[in-house]
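K.L.:
Take this structure first; my questions come after.
The values are calculated or read from the model by the stated rules, or taken from the named source; none is laboratory data. Note that the structure is predicted; figures quoted are calculated from it, not measured. Methodologically, a virtual Cβ is constructed for each residue, glycine included, from the backbone with ideal geometry; neighbour enumeration extends over all protein chains shown. Calculation scope for accessible area: heavy atoms of the full protein, side chains included, ligands and nucleic acids excluded. Shrake-Rupley method; radii C 1.70, N 1.55, O 1.52, S 1.80 Å.
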Amino acid sequence: MPSFLMKRAKSHAIVFAAVALWAVPAMARPPAGERAAAAVMSVEHQWLTALQQHDVTTLARVLGREFIDCDFQGDAITRAQFLGYFAHPVPRPAPPPQQIFQDTKVRFVAGGDVAIVTGVVVTRLAPPSNTGASSGPDGFRHSRFTDVFVWRDGRWQAVTGQETHFTPSRR
């Protein structure tokens, strides 16, 4: 190979390597600011929809390998238990409940690689409701939640979640 072609090939290889090395850290970092908050909330919505539809494929993507959930009854549920429960189809599929997020906040810690989401999910229950104390007299269930996400492999994954049902005070 002529020397000028060899030099040209080396310079192209150096430029390619530099661009690749520059791009890798940029792709590995989570998005910043409002884009990051919107991305985390998008995962929250995917998670909620996957729960309603028993979509284990989406749940497996959203939930990190170390995921643990502290449910409204105080039980600690591992990722394997969580996925196992939702792997079973619903015997009589009901229309998905109407659910909305309220008072949701996203905070970032650890240099932006960890997101903490807090808020309330309000669920309109189908009458008649046999959910006991966790349901309000108006047919709604209010659940305060805290979810923690980490940025890994170019996406947000949930590593822990906690829910508490409550009846809002009437002021």
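K.L.:
Which residues, counting only those in the stretch 98-128, are at pLDDT below 90, in a loop (DSSP other than H, G, I, E, B) and surrounded by 14 or more Cβ atoms within 10 Å (Cβ to Cβ)?
P.N.:
LEU125
K.L.:
Of the numbered conditions (1) closer than 18 Å to VAL121 by Cβ; (2) at pLDDT 75 or above, ALA94 satisfies every one except a single condition; which is it?
P.N.:
If we test ALA94 against (1) closer than 18 Å to VAL121 by Cβ; (2) at pLDDT 75 or above, just (2) comes out false.
K.L.:
Oh, and also: Quick one: LEU51 ticks every box in (1) open to solvent by less than 60 Å² (accessible area, probe 1.4 Å); (2) under 14 Å from ASP147 (Cα atoms); (3) at pLDDT below 90 except a single one, so which number is it?
P.N.:
With respect to (1) open to solvent by less than 60 Å² (accessible area, probe 1.4 Å); (2) under 14 Å from ASP147 (Cα atoms); (3) at pLDDT below 90, LEU51 is out only on (2).
K.L.:
How many residues are open to solvent by less than 80 Å² (accessible area, probe 1.4 Å) and either among the small types (Gly, Ala, Ser) or touching a residue at least 60 places away in the same chain (Cβ under 8 Å) (or both) if we restrict to the stretch 54-79?
P.N.:
11
K.L.:
Still on this model: Quick one: in the stretch 40-58, of everything that is in contact with a Phe, Trp or Tyr (Cβ under 6 Å, 6 or more places away or on another chain) and among the aliphatic types (A, V, I, L, M), which residue is farthest from ALA110 (Cα to Cα)?
P.N.:
That would be VAL56.
K.L.:
Looking at the stretch 63-86, which of its residues are of a type in the set (Asp, Glu) and assigned to a strand (DSSP E or B)?
P.N.:
Within the stretch 63-86, GLU66, ASP69 meet the criteria.
Yes/no matrix, rows are residues, columns are (1) part of a helix (DSSP H, G or I); (2) at pLDDT below 55:
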{"position": "MET1", "(1), (2)": "no, no"}
{"position": "PHE16", "(1), (2)": "yes, yes"}
{"position": "GLU34", "(1), (2)": "yes, no"}
{"position": "LEU59", "(1), (2)": "yes, no"}
